[in-house]
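Working notes, beginning with the structure itself.
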Amino acid sequence: MVPRPALGYAMVALAAALFAVNGTVSKVILGSGISAQQLTEVRCAGALVGLTLIALATRPSSLRLRSTELPLLLALGVGGLALVQWAYFFAIHRVEIGIALVIQFVGPILVALWARFVYGERVRRRIWLALALALTGLVLIVELWKAHRPNGAGLAAAAVAAVTYAGYILLAERGVRGRDPISLSAWGFLFATLFWSVLAPWWNFPAARADDHVSLLGHLAGSQLPVWALMLWMVVLGTIVPFALVVSALRHISATRAGITGMLEPVLAIVVAWAWLGETLNLLQASGATVTLAGIAIAQTSR
């Protein structure tokens with residue numbers, strides 16, 4: 001296949017837009033009474049089914065499992081996919097979506113630091129500039145000097161999301177050396193689903209709420225949709241489709257370029273949350289988000 005960079009960028013941009021809308025959709029679901037843990041369980045199970053079907057339809061042999069892979073896949077599923085999604089959902093239920101996403105996207109900076117000091121990889125000096133920009137931006141976003149700052153538990157969950165997101169990236173980098181991203185993620189989501197199924201057995205899931213019609217909140221408060229329809233959107237258009245777009249884009253552009261383009265997500269998420277929910281960041285917080293994103297972009301090119 002001849003690389004088509006324009007197509008690759010378009011795929012990542014569309015994926016970022018779908019992920020951005022999914023943040024607001026997820027916040028509406030959380031407002032219905034479904035907990036962050038329950039929503040994570042649904043998303044993991046749905047993604048498992050979708051990605052497994054894709055793998056079976058394209059390369060069934062890719063799902064074969066080697067026993068030596070189990071520790072990495074288990075770590076990827078639990079330490080990466082299961083926890084990063086729970087932390088993100090917990091965070092957006094308590095703070096603005098834009099704040100949660102910008103903090104989570106600090107993960108690539110943590111990855112670069114880990115590569116430098118743990119793996120001993122050569123990392124360009126610009127990582128220190130990236131770290132300084134990110135920290136400065138985060139101070140502005142959180143407004144540390146104020147007594148009434150954004151919800152502390154939400155900020156802590158966003159920080160956990162950043163750490164687990166970094167762990168996911170590092171584990172996935174190792175995983176794709178031995179198998180393709182679709183089958184790797186399918187196995188990861190399997191262990192993530194098993195993890196949440198043990199902690200929150202499915203027979204305790206409030207299935208009756210799936211038929212409830214809930215307000216879309218914010219500027220769409222007068223409209224309602226059933227919870228199951230919102231969950232279906234979250235799984236298909238908020239998880240499986242954008243993931244497939246990103247994987248396909250890597251045939252046309254490098255992972256670094258895809259990562260930088262993917263930073264459209266927090267920017268678009270802020271716009272969607274403003275247009276839909278009426279969430280806003282003040283001028284100082286918006287400036288902090290811009291500074292942090294600049295640091296993350298620099299970090300993406302440091303390895």
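The values are calculated or read from the model by the stated rules, or taken from the named source; none is laboratory data. All values derive from a computational prediction rather than experimental measurement. Cβ coordinates were reconstructed from backbone atoms using ideal geometry, including for glycine residues, and neighbour counts include every protein chain displayed. Please note that ligands, DNA and RNA were not included when accessible areas were found on the heavy atoms of the full protein model with its side chains. Shrake-Rupley method; radii C 1.70, N 1.55, O 1.52, S 1.80 Å.
Tabulated results
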item: Flag if Ile298 is in a helix (DSSP H, G or I), among the hydrophobic types (A, V, I, L, M, F, W, C) and buried (at least 20 other Cβ atoms within 10 Å of the Cβ); result: yes
item: All positions within region 20-45 that are touching a Lys or Arg at 6+ places or on another chain (Cβ under 9 Å) and of a type in the set (A, V, I, L, M); result: Ile34
item: Which listed residue is touching a residue at least 12 places away in the same chain (Cβ under 8 Å) and within 15 Å of the chain's Cα centre (by Cα), from Ala45, Ala55, Ala36; result: Ala36
item: Region 281-296, residues that are out of contact with any Asp or Glu (no Cβ under 8 Å at 6 or more places or on another chain) and touching a residue at least 60 places away in the same chain (Cβ under 8 Å); result: Ser287, Gly288, Ala289, Thr290, Val291, Thr292, Leu293, Ala294, Gly295, Ile296
item: Close pairs (7 angstrom Cβ cut-off, 6 or more residues apart or separate chains): assigned to a helix (DSSP H, G or I) in region 136-156, of a type in the set (Lys, Arg) and open to solvent by 80 Å² or more (accessible area, probe 1.4 Å) anywhere; result: Val142/Arg149; Ala153/Arg94; Gly154/Arg94
item: Verdict on Leu250 being among the hydrophobic types (A, V, I, L, M, F, W, C), over 30 Å from Ala172 (Cβ atoms) and open to solvent by 30 Å² or more (accessible area, probe 1.4 Å); result: no
item: Flag for Thr164 being surrounded by 22 or more Cβ atoms within 10 Å (Cβ to Cβ) and either out of contact with any helix residue (DSSP H, G or I) (no Cβ under 7 Å at 6 or more places or on another chain) or at negative phi (or both); result: yes
item: Answer from Leu140, Leu129, Leu170, Leu155 - the residue that is under 15 Å from Gln300 (Cβ atoms), open to solvent by less than 70 Å² (accessible area, probe 1.4 Å) and of a type in the set (A, V, I, L, M, F, W, C); result: Leu170
item: Long-range neighbours under 9 Å by Cβ, at least six apart or interchain, first residue among the hydrophobic types (A, V, I, L, M, F, W, C) within region 65-88, second not in a helix (DSSP H, G or I); result: Leu72/Gly178; Leu73/Leu65
item: Identity of the residue in region 238-276, outside any helix (DSSP H, G or I) and more than 14 Å from the chain's Cα centre (by Cα), that ends up farthest from Ala286 (Cα to Cα); result: Arg251
item: Selected residue (criterion: modelled with the highest pLDDT) from residues of region 256-295 that are open to solvent by less than 40 Å² (accessible area, probe 1.4 Å) and closer than 16 Å to Tyr9 by Cβ; result: Glu265
item: Of all residues making up region 277-295, the number that are over 16 Å from Ile109 (Cβ atoms), part of a helix (DSSP H, G or I) and of a type outside the set (Ser, Thr, Tyr); result: 5
item: Breaking point among (1) under 21 Å from the mean Cα position of the chain (by Cα); (2) part of a helix (DSSP H, G or I); (3) basic (Lys, Arg), for Arg116; result: (1)
item: Checklist (1) open to solvent by 20 Å² or more (accessible area, probe 1.4 Å); (2) in contact (Cβ under 8 Å) with a residue 24 or more places away in the chain; (3) touching a Leu at 6+ places or on another chain (Cβ under 9 Å) applied to Val176, failing item; result: (2)
